[in-house]
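The values are calculated or read from the model by the stated rules, or taken from the named source; none is laboratory data. Just so it is clear, the structure is predicted and the values come from calculations on it, not from any experiment. Ideal geometry is used to build each Cβ from the backbone, glycine not excepted, and the neighbour counts take in all protein chains shown. To get the accessible areas, we keep the full protein, side chains included, count just its heavy atoms, and leave off ligands, DNA and RNA. Shrake-Rupley method; radii C 1.70, N 1.55, O 1.52, S 1.80 Å.
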Amino acid sequence: MAQEQVEEYLEAIYDLESRNGSAKTTAIAKCLKVAPASVTEVLKSLSDKGFVQYEPYQGATLTEEGKKIADTIKRKHRLLEVFLTDVVKLNQEKVHDEACRMEHTISEETEDALCRMLDAPAHCPHGSPISPCNKGVGSCAECDSAGKTDMPVAIRDKKIIPITDLNPEQKSRIAFIRGDCKVVQRLSDLGLTLGTNVSILKKTPMGGPVEILVRRTKLAIDHAIAENIFIESPGPGET
């Protein structure tokens with residue numbers, strides 16, 4: 001299979017699994033505009049490669065390796081949508097299809113450069129979240145400095161998620177802050193620094209303020225700000 005075809009399938013499964021819990025053969029076929037019989041053969045191949053877990057008549061779900069590839073493609077796609085919309089000023093109706101064509105060809109270096117140029121956007125033009133990069137840095141400011149000096153940056157060894165993904169009473173540690181030095185300093189003034197233990201107390205519906213506990217202090221912060229605070233993903237059963 002060509003790498004582009006692998007990525008297209010993993011991306012489609014990613015979207016369907018996010019909405020429905022798994023990706024049915026017929027749904028994948030409709031999404032990619034191919035015959036169901038072709039999908040079945042590809043799913044068997046992806047399963048052999050360790051990218052998906054597939055059972056006939058049950059559908060497919062991504063393995064951890066499959067998710068890594070799909071996450072990378074999604075990040076490139078959404079960064080490209082921001083670029084095509086805000087910089088190129090492309091017609092909104094063409095942005096998605098154009099990003100689909102480009103996402104398979106840009107390098108990691110170009111992806112990083114796009115992210116820095118666009119000031120690490122949190123969402124694509126359609127409102128979908130843009131995941132942070134997988135570099136082992138504590139903030140976008142660190143990433144920007146590394147990019148200017150061409151110093152190698154290690155890959156993050158733990159999965160991170162926005163603090164808004166935590167359930168009430170769950171606890172974790174701040175691992176990454178999306179934003180420049182000003183954002184980092186603003187959050188630092190609130191006690192929200194790298195390595196700090198935090199927990200969610202309350203999440204207001206419809207994107208309202210998020211109440212968190214940090215250093216025995218309750219803070220109510222705007223949802224848009226909270227989305228830029230990333231924590232180490234709790235393991236199964238962790239609270």
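Taking Cβ atoms as reference points and 13 Å as the exclusive limit, the residues near Ala154 contribute a net charge of +1, counting Lys and Arg as +1 and Asp and Glu as -1. For Lys135, the residues whose modelled amide H falls within less than 5 Å of its own, excluding neighbours fewer than 5 places apart on the same chain, are Arg156. Given a 1.4 Å probe and the protein chains as shown, His96 ends up with an accessible area of around 90 Å². Electrostatic bookkeeping for Val34 treats Lys and Arg as +1 and Asp and Glu as -1; over the other residues with beta carbon under 11 Å from its beta carbon, the sum is 0. Using the Stokes-Einstein relation with a Kirkwood hydrodynamic radius computed over Cα pairs, the translational diffusion coefficient of the chain at 20 °C and a viscosity of 1.002 mPa s comes to 110 µm²/s.
Please report the relative contact order for the chain, taking Cα pairs under 8 Å with a sequence separation of at least 6, and give it as a percent rounded to a whole number. The value is 13 percent. Both radii are taken from the alpha-carbon atoms of region 70-123; with Rh as the Kirkwood radius, Rg/Rh is 0.92. Of the residues Glu81, Glu211, Glu41, the one with the largest accessible area comes first in the ranking Glu41, Glu211, Glu81, computed with a 1.4 Å probe on protein heavy atoms.
3J(HN,Hα) along region 169-182: 6, 6, 10, 6, 10, 5, 10, 7, 10, 7, x, 7, 4, 5 Hz, from the Karplus curve 6.51 cos²θ - 1.76 cosθ + 1.60 with θ = phi - 60°, whole Hz, x for Gly and Pro. For the chain, the longest principal axis of the Cα atoms and the long axis of helix 108-117 meet at an angle of about 50 degrees. Taking Glu227, Glu103, Glu4 and ordering them by how much accessible surface each has at a 1.4 Å probe, largest first, produces Glu4, Glu227, Glu103. In a GNM of the chain with a 10 Å cut-off on Cα contacts, which of Asp119, Asp48, Asp165 has the highest mean-square fluctuation? Looking only at Asp119, Asp48, Asp165, the biggest GNM fluctuation is shown by Asp48. 3J(HN,Hα) along region 10-25, derived from phi through the Karplus expression 6.51 cos²θ - 1.76 cosθ + 1.60 where θ = phi - 60°, amounts to 5, 5, 5, 5, 4, 5, 5, 5, 4, 8, 10, x, 7, 10, 6, 4 Hz, with x in place of Gly and Pro. 3J(HN,Hα) along region 53-65, derived from phi through the Karplus expression 6.51 cos²θ - 1.76 cosθ + 1.60 where θ = phi - 60°, amounts to 9, 10, 10, x, 6, 9, x, 10, 10, 7, 7, 4, 5 Hz, with x in place of Gly and Pro. On a 27 Å Cα-Cα criterion, which of the cross-link pairs Lys67/Lys171; Lys68/Lys218; Lys68/Lys171; Lys30/Lys94 come out too long? Flagged as over cut-off: Lys68/Lys218.
With a cut-off of 8 Å between alpha carbons and a minimum separation of six or more residues, what is the relative contact order of region 3-62 in percent?
36 percent.
Let me check something: with ligands and nucleic acids excluded, how do Met117, Met206, Met102 order by accessible area (1.4 Å probe), largest to smallest?
Largest to smallest exposure gives the sequence Met206, Met117, Met102.
Would you please classify the overall shape of region 3-62 from the alpha carbon gyration tensor, given that a ≥ b ≥ c denote the square roots of the eigenvalues, rounded means a/c under 1.5, and beyond that prolate means a/b larger than b/c while oblate covers the rest? Rounded shape, in that the Cα axes give a/c under 1.5.
Distant-in-sequence amide contacts of Lys202, defined by a placed amide H-H separation under 5 Å and a gap of 5 or more residues or a different chain, comprise Glu211.
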